[in-house]
Amino acid sequence: PPGFMVLEGLLIRLFGDGGTLLPALLVVSAVCCAVWMTLLRQHLMPLLRPGFATLAPLVPFGFPLVPFYMLSPLGLAFGETFAISFFLTAFLLALQAQRRGSLGCAVAAGLALALSAYFRSQFEALTNFLTVGALVYTLVIFFVNRWAGTPRHALRVALVIVTVAQTAMLPWRIHNYLDNSRLAWVHTSNVVARNS
């Protein structure tokens with residue numbers, strides 16, 4: 001997926017191709033982590049004491065692999081920081097959209113979900129799974145329960161999130177179709193087969 005290359009290209013254009021690329025990536029990754037950590041703190045504030053809600057987002061960084069993949073120079077080169085940060089942001093925005101009844105948060109969650117897929121292809125598969133799950137759940141609710149007792153807002157939030165995510169992912173799919181005549185998100189297996 002093109003997300004990391006586009007980000008690197010923007011940073012090179014901004015700062016030149018000198019030695020400032022890695023520090024700039026580190027700053028951007030720290031900002032991405034700060035966003036999901038702030039959202040997590042907001043989500044936990046009604047549930048925990050303020051001190052615990054503030055410290056809880058730091059817990060993942062106590063595990064040895066998290067700082068490596070999220071903040072180290074080598075981990076930054078994989079683009080994991082951005083994909084994971086955008087996915088966590090999408091998840092937390094989805095919870096806020098549900099809690100607040102905000103379709104704006106649902107749209108932002110869909111965009112963050114798409115951005116995670118633009119950085120790592122595994123998140124595209126997860127987005128497709130979530131889309132199919134939301135559609136199946138909607139059909140089951142409609143045909144089995146006829147909406148009886150179903151929180152329609154929860155359904156609307158889920159459908160908005162997956163619709164926005166799939167719409168935001170459409171440009172890359174169109175690019176792949178024009179380039180390879182396939183709508184697949186990545187063509188890694190084709191490239192490996194051709195190279196072998």
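The values are calculated or read from the model by the stated rules, or taken from the named source; none is laboratory data. Because the structure is predicted, anything quoted here is derived from the model rather than measured. Every residue, glycine among them, receives a Cβ derived from its backbone with ideal geometry; neighbour counts consider all protein chains shown. With ligands, DNA and RNA removed, areas are computed over all heavy atoms of the protein, side chains included. Shrake-Rupley method; radii C 1.70, N 1.55, O 1.52, S 1.80 Å.
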With bins of 5 Å, the percent of all Cα-Cα pairs of the chain per bin from 0 is 1, 7, 12, 15, 16, 16, 14, 8, 5, 3, 1, 0, 0
Pairs of Cα atoms under 8 Å, at least six residues apart: use those to get the relative contact order of region 29-125, whole percent. 27
Carbon and sulfur: what percent of the chain's accessible surface (1.4 Å probe)? 72
May I ask for the distance between the Cα centers of region 1-22 and region 57-127, given as a whole number of Å? 20
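What ranking, highest mean first, results for peptides 22-28, 57-63 when packing means the other Cβ atoms within 10 Å averaged over each residue?
Highest mean packing first, the order is 22-28, 57-63.
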With a probe of 1.4 Å, find how much accessible area the chain has per residue, and write the answer as a whole number in Å². 58
Dipole moment magnitude, nearest 20 debye, region 33-151 about Cα centre, only Lys, Arg, Asp, Glu C-beta charged: 380
³J(HN,Hα) computed for each position of region 107-117 - Karplus, 6.51 cos²θ - 1.76 cosθ + 1.60, integer Hz, glycine/proline x: 5, 4, 5, x, 5, 5, 4, 5, 5, 4, 5
On full extension of the chain, what length is gained from SER72 through ILE12, given 0.36 nm per residue of separation minus the C-alpha to C-alpha distance? 19.7 nm
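Net charge near SER181: determine it from the other residues with C-beta under 15 Å of the C-beta of SER181, scoring Lys and Arg +1 and Asp and Glu -1.
Summing Lys and Arg as +1 and Asp and Glu as -1 gives +2.
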